[in-house]
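Shown next, in C-alpha cells, is the structure this report addresses.
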Amino acid sequence: MLPGTTLDRRSYDPSLGDKSMPLSARLGPTERRLLDEMAAQIGVTRSNLARRLLVQALRELRDGNV
C-alpha cells in the first residue's frame, strides 16, 4: 500500500488526490468482493479491516510466526 492511499473512498484525503489514487483502484474484483464481505461480517469499513489485517501480519512477522 502506498503512503496516502486508502481502501475506503469515504476516508480518502482529497489533498492527496493529485499525488496518488485510492488503493481500491488496484484491487481485483475478487479481492475487493472478499474484502467487502469480510468487512460487512464484522461491521467495519474496508479501510479499517485492511489496517487490522496489516497490523496482524506485521505482528506475525515480528514474532516469527510466519
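The values are calculated or read from the model by the stated rules, or taken from the named source; none is laboratory data. This structure is a prediction, so every number in the text was calculated from the model and none was measured. Here the Cβ is made from the backbone with ideal geometry for all residues, glycine too, and neighbour counts use every protein chain on show. The accessibility values were calculated without ligands, DNA or RNA, using every heavy atom of the protein model including side chains. Shrake-Rupley method; radii C 1.70, N 1.55, O 1.52, S 1.80 Å.
Take the residues in segment 40-58 that are under 17 Å from residue 27 (Cβ atoms) and open to solvent by 100 Å² or more (accessible area, probe 1.4 Å), then tell me which one is modelled with the lowest pLDDT.
Restricting attention to segment 40-58, the residues satisfying the condition of being under 17 Å from residue 27 (Cβ atoms) are 40, 44-54, 57.
Okay, now just the ones that are also open to solvent by 100 Å² or more (accessible area, probe 1.4 Å), so 51-52.
Numbers: 51: 87, 52: 91.
Out of the qualifying residues, it is 51.
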**Request:** Being assigned to a helix (DSSP H, G or I) and surrounded by 15 or more Cβ atoms within 10 Å (Cβ to Cβ) is the filter; apply it to segment 1-35 and report the residue that is modelled with the highest pLDDT.
**Result:** 35
